[in-house]
Amino acid sequence: MECYAEPEVPPGTPSLTPEERDLLACAQTIADTVLEPRAQETDLSPDPPADNIRILAEAGLVGITTPREYGGFGVSGAFQRLFTEILTAACGTTWFTLTQHLGACGMIAGSRNPSLCERFLRDMAAGRHLVGVAFGHLRRPEPMLRAEEVPGGYVLSGVAPWVTGWPLLSGVVYGAVLPDERHVYVYVATEESESLRSSEPLPLCAMNASATTEVRLENRFVPDEDFIKFSSREEMARGDTNNIAGAVSPPLGCARASLKLLRRTAEKRKIDFLTEAADALETEINACRTEGFRWADGPKDISEYKPGALGARAWAIELAVRAAHAAVAASSGAANSLQHPAQRLFREAMFYTVIAQTQDVMAATVRRLLTPPAPL
Ligand SMILES: Cc1cc2nc3c(=O)[nH]c(=O)nc-3n(C[C@H](O)[C@H](O)[C@H](O)COP(=O)(O)OP(=O)(O)OC[C@H]3O[C@@H](n4cnc5c(N)ncnc54)[C@H](O)[C@@H]3O)c2cc1C
C-alpha cells in the first residue's frame with residue numbers, strides 16, 4: 001500500500017524517529033482508506049476484523065512492539081500513543097482486537113525466555129501467529145485463575161473472564177495466581193480440549209465484533225518452556241499507576257472521530273454553531289492530550305504525579321463520552337440508526353471508560369462525571 005497521509009503529530013510529542021514517522025503515515029493511510037470506511041460494517045459483523053488486521057500486518061504494523069531482532073520495529077511509547085489515537089479514531093474494534101496482540105508481543109519479548117521468543121516472535125511480528133492476553137482479572141480482589149508449580153511446569157485452573165479476538169488467536173498469555181499469591185504469566189495454545197474450553201463470543205454492546213470470550217482451564221499443564229514471568233499484585237499496581245495517563249489515547253482517538261463527524265455534519269447542514277462547537281472541541285482535545293502526555297512522559301516519583309495523571313485520564317474518558325454525545329445530538333434522529341457512526345462512537349466512548357480500569361481510575365472517573373458543571 002502507498003502511504004501518503006501526513007500523520008498529525010501534536011505539538012509537545014517527544015520526537016519520533018524518521019522510521020516511526022513513516023510507520024505512522026502508513027497507519028494514517030490505512031485508517032483513512034480501509035478502517036474508517038468499513039467501521040460500521042466491522043462493528044456490526046459477527047466475526048472479528050481479520051482482514052483489517054491482515055492489511056495492517058502487510059504494512060508491518062502488527063510488529064510495532066516486537067524488537068528488531070525478531071522482525072519488528074520496537075517503537076517508542078510516544079509512537080504507540082499516536083498509533084492508538086489514529087486507529088481508535090478510525091475503527092475501535094480493529095484497534096481493540098489488535099492491541100491485545102501488541103501487548104502479548106511485548107510481554108513475550110520481555111520474558112527472557114529464548115525458547116518462547118524463537119518459536120513465536122517472528123511469526124507474531126508478521127501477523128501469522130496472533131496471541132491474546134488474559135490478565136485483567138488479576139486486578140480483582142479474589143483470584144479467578146489459579147496456578148500451582150509442579151515438576152516441569154505449572155498447572156492452571158479457573159476462569160479467564162475476558163479473552164478478546166479468540167477465533168483469530170493461536171495462543172494466549174494467561175496471568176494466574178500462585179498459592180503464595182505471586183502472579184505467574186504463561187503462554188498457552190488455543191487448541192480446545194478437556195483442560196481448556198472457550199465460551200461462545202460474549203454478547204457486548206460495544207466491541208461486539210472483537211469476539212471476546214470467557215475461557216475455562218481445568219488442570220491445564222503448562223511446561224516451563226512456555227513460562228513468561230513472575231509478578232505480583234504490587235508490581236501490577238505499579239505498572240497500572242505508571243500507565244494511568246498513557247491510556248488517554250483510546251478515548252482521545254474516539255473524541256477525534258466525533259470531532260470529524262461534527263465538522264462533516266456542520267458542513268452538510270450548514271449550521272454555524274456546530275462549526276463553533278467543533279472548534280472548541282478540537283481545542284479541548286489538544287489540551288487534554290498535552291496534559292495526558294505531560295504526566296505520561298514526566299517523572300512518576302513526585303507527589304503531584306498520581307492525582308495529575310488520574311485527572312488527565314478522567315478528563316479524556318469524560319471528553320470522549322461528551323464529544324460522542326455532541327455528535328449524536330448534531331446528527332439528530334439518524335444517529336440512532338445502527339448504520340450511523342455517531343451511536344457507534346457513543347458506545348465505544350462508554351467502552352473506553354472501563355478498559356484497564358483500576359479502583360483509582362474508577363474513582364477519578366465517577367468523581368469527574370458527578371461534579372456539577374460550573375454555572376453558565
Ligand atoms: C469487552 C472487554 C474485553 C476485554 N478483553 C480483555 C482481554 O482480552 N484481556 C484482558 O486481560 N482483559 C480484558 N478485558 C478486561 C478489562 O481490561 C477490564 O475491563 C478492566 O480490567 C476492568 O476489569 P473488570 O471489568 O473485570 O472489572 P473488575 O476487575 O471487577 O473491577 C475493576 C477494578 O475495581 C476493583 N474492584 C472490583 N471489585 C472490587 C471489590 N469488591 N472491592 C474492591 N475493589 C474492587 C478491581 O480491583 C479493579 O481494580 C476486557 C474487558 C472488556 C469489557
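No value in this document is a laboratory result; all are computed from the given coordinates. Everything quoted here is computed from the prediction, not taken from an experiment. Because the Cβ atoms are built from the backbone with ideal geometry, glycine has one as well, and the counts that use them run over all protein chains shown.
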Only Lys, Arg (+1) and Asp, Glu (-1) charged, at Cβ; the chain dipole about Cα centre in debye: 780 debye
Calculate one ³J(HN,Hα) per residue across the stretch 298-310 by plugging θ = phi - 60° into the Karplus curve 6.51 cos²θ - 1.76 cosθ + 1.60, and present them in order as whole Hz with x for glycine and proline. x, x, 9, 9, 10, 5, 6, 4, 5, x, x, 5, 5
I'd like the distance separating the alpha-carbon centroids of the stretch 133-173 and the stretch 291-336, in whole Å. 30 Å
So how far, in whole Å, is the C-alpha centre of the stretch 197-229 from the one of the stretch 66-109? 20 Å
Signed unit charges on C-beta, dipole axis of the stretch 235-370, positive-most listed residue 315, 353, 339: 339
Length released on extending from residue 193 to residue 271, taking residue separation times 0.36 nm less the Cα-Cα span: 22.2 nm
Straight distance only, please: which lysines reach the Cα of residue 268 with their own Cα at less than 27 Å, same-chain residues fewer than 8 apart left out? 260
Please report, in debye to the nearest 20, how large the charge dipole of the stretch 235-370 is about its Cα centre when each Lys and Arg carries +1 at its beta carbon and each Asp and Glu carries -1 there. 460 debye
Would you work out which of 141, 212, 152 lies farthest towards the positive end of the dipole of the chain, given +1 charges on the beta-carbon of Lys and Arg and -1 on that of Asp and Glu, about the Cα centre? 141
Starting from the Cα gyration tensor of the chain, take the square roots of the eigenvalues, sort them a ≥ b ≥ c, and report rounded, prolate or oblate (rounded when a/c is under 1.5, otherwise prolate if a/b is larger than b/c, else oblate). prolate
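Which longest uninterrupted range of the chain lacks any trypsin sites (Lys or Arg not before Pro) assigned by DSSP to a loop state (not H, G, I, E or B) and surrounded by at most 13 other Cβ atoms within 10 Å? Display every interim value, and only then the final one.
Values: sites that count: 112, 128, 270.
Formally, the longest exposed-site-free interval is 129-269.
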With charges only on Cβ, +1 for K and R and -1 for D and E, what is the dipole size of the stretch 211-308 about its Cα centre, in debye, rounded to 20? 520 debye
Between the modelled labels at residue 300 and residue 225 (7 Å from Cα along Cα→Cβ) the distance in nm is 3.4 nm
Which of 64, 37, 111 sits farthest toward the positive end of the charge dipole of the stretch 18-125, with +1 on the Cβ of Lys and Arg and -1 on the Cβ of Asp and Glu? 111
